[in-house]
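Only the coordinates and a few stated rules stand behind these numbers; no lab work does. Because the structure is predicted, anything quoted here is derived from the model rather than measured. As a convention, Cβ positions derive from the backbone with ideal geometry for all residues, glycine included, and neighbour counts pool all protein chains shown.
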């Protein structure tokens with residue numbers, strides 16, 4: 001399979017390395033400022049690996065041909081690839097921090113959301129991945145869940161690091177706790193895996209937490225404590241009367 005990547009960022013280069021390692025033939029990658037008009041010439045596949053808000057413009061700039069045009073966005077619909085007849089999407093449910101790590105993760109049995117032309121599943125099969133079909137109308141929700149699972153988790157980890165530093169304990173001990181908690185969620189689901197003061201309705205402990213931490217940490221802590229309480233069927237801490245709540 002001859003393919004071309006449009007977009008020389010982490011995602012594009014990760015796919016380039018991964019597919020090349022699986023025996024596919026890459027024709028020169030096109031980056032920022034390159035003329036993309038002939039991108040579909042001499043190839044069977046064009047991977048559009050650009051930011052979401054640039055996909056439509058890049059696709060419109062490619063002269064239509066027999067090649068399939070495939071974007072890597074999790075949230076963008078296939079309509080962004082018009083006017084091309086063969087349109088598809090392949091979104092890897094893994095993070096791609098750099099091309100080398102990204103290529104390794106793309107070929108390690110990753111899950112990919114696919115839509116459109118059958119070539120999407122050929123790409124996933126070449127990478128030994130697991131395809132899941134996500135309809136256009138559901139793509140924003142699918143991607144929102146991915147953002148929570150990855151990006152929001154990292155933001156939460158940053159708060160753990162800050163609080164651990166203030167407590168003068170190593171943050172690494174909490175990564176083990178988080179890993180075991182994710183294991184519990186995988187085994188029994190989020191509701192059954194929930195523990196802690198918000199789930200118990202232990203407002204005294206929550207008040208102690210808030211008193212001990214910097215007020216700038218209150219917003220994130222309380223947002224998640226409220227969510228935990230609601231999951232447990234209890235009144236959210238921030239809605240309880242009393243002076244302890246509120247940033």
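By counting other Cβ atoms within 10 Å of each Cβ, how are 5, 134, 124, 188 ranked from fewest to most? Don't skip to the end; give the middle numbers.
Details: 5 28, 134 18, 124 21, 188 11.
Sorted ascending by nearby Cβ count, the order is 188, 134, 124, 5.
Helix 218-231 against the longest principal axis of the chain: what's the angle in degrees, Cα atoms only, rounded to the nearest 10?
Helix 218-231 sits roughly 90 degrees off the main axis of the chain.
Once you have the Cα-Cα distance between residue 164 and residue 20, take 0.36 nm times their residue separation minus that, and quote the gain in nm to one decimal. Kindly include the intermediate steps, with their values, before the conclusion.
Working: separation 144, 0.36 × 144 = 51.84 nm, distance 4.30 nm.
Full-extension gain reported as 47.5 nm.
Out of all Cα-Cα pairs in the stretch 86-199, roughly what percent, to the nearest whole number, are more than 18 Å apart?
On the way: 4223 of 6441 pairs.
Looking at the stretch 86-199, the distances longer than 18 Å represent 66 percent of pairs.
Which whole-number value in Å³ per residue fits the convex hull of the alpha carbons of the stretch 68-132?
Numbers: hull volume 5.1 nm³, N = 65.
Cα convex hull per residue, to the nearest whole number: 79 Å³.
In Å and from the alpha-carbon atoms only, list the Rg and Dmax of the stretch 29-138.
Considering the stretch 29-138 through its Cα atoms, Rg and Dmax are 13.4, 34 Å.
Using only Cα atoms, tell me the angle between helix 172-188 and the longest principal axis of the chain; keep it within 0 to 90° and round to the nearest 10.
Here the helix axis deviates by roughly 80 degrees.
With a 10 Å cut-off between alpha carbons and a GNM built on the chain, which of 90, 154, 46 moves the most?
Evaluated over the chain, the most mobile residue of the options is 154.
When the C-alpha atoms of the stretch 1-93 are aligned to their principal axes, what extent does each axis show, in angstrom, from largest down?
30, 29, 25
Computed on alpha carbon atoms, what radius of gyration and Dmax characterise the chain, expressed in Å?
22.6, 70
Sort 175, 24 so the one with the fewest other Cβ atoms within 10 Å of its own Cβ comes first. Kindly include the intermediate steps, with their values, before the conclusion.
Numbers: 175 13, 24 19.
Least to most surrounded, the residues fall as 175, 24.
Restricting to DSSP H runs of at least four residues, report the calculated mean residue ellipticity at 222 nm for the chain, -39500 (n - 2.57) per run over all residues, nearest 500 deg cm²/dmol.
-13000 deg cm²/dmol
Determine the relative contact order of the stretch 2-134: mean sequence separation of Cα pairs under 8 Å and six or more apart, normalised by residue count, in whole percent.
Numbers: 303 pairs, mean separation 30.8, N = 133.
That works out to 23 percent.
Over the Cα atoms of the stretch 140-239, each weighted equally, I'd like the Debye log10 I(q)/I(0) at q = 0.10, 0.19 Å⁻¹, rounded to two decimals.
Values returned for q = 0.10, 0.19 Å⁻¹ are -0.30, -1.15.
Which value, in nm² and rounded to one decimal, describes the direction-averaged projected area of the C-alpha convex hull of the stretch 144-200? Don't jump to the answer; show the numbers that get you there.
Values: hull surface 18.1 nm².
Dividing the Cα hull surface by four gives the mean projection, 4.5 nm².
Can you sort 84, 218 from fewest to most other Cβ atoms within 10 Å of each residue's own Cβ?
On the way: 84 22, 218 17.
Ranked by crowding around the Cβ, least crowded first: 218, 84.
If I build a Gaussian network model for the chain, linking alpha-carbon pairs within less than 10 angstrom, which residue out of 230, 44, 100 has the largest mean-square fluctuation?
Per the Cα network of the chain with a 10 Å cutoff, 230 tops the list.
Can you pull the one-decimal nm distance between simple spin-label points at residue 125 and residue 195, each 7 Å off the Cα toward Cβ?
Simple spin-label model gives 4.5 nm for this pair.
State the Cα centre-to-centre distance between the stretch 68-137 and the stretch 162-241 in whole Å.
35 Å
Angle check, please: helix 10-21 long axis (alpha carbons) against the longest principal axis of the chain (alpha carbons), in degrees 0 to 90, nearest 10.
Rounded to the nearest ten degrees, it is 60.
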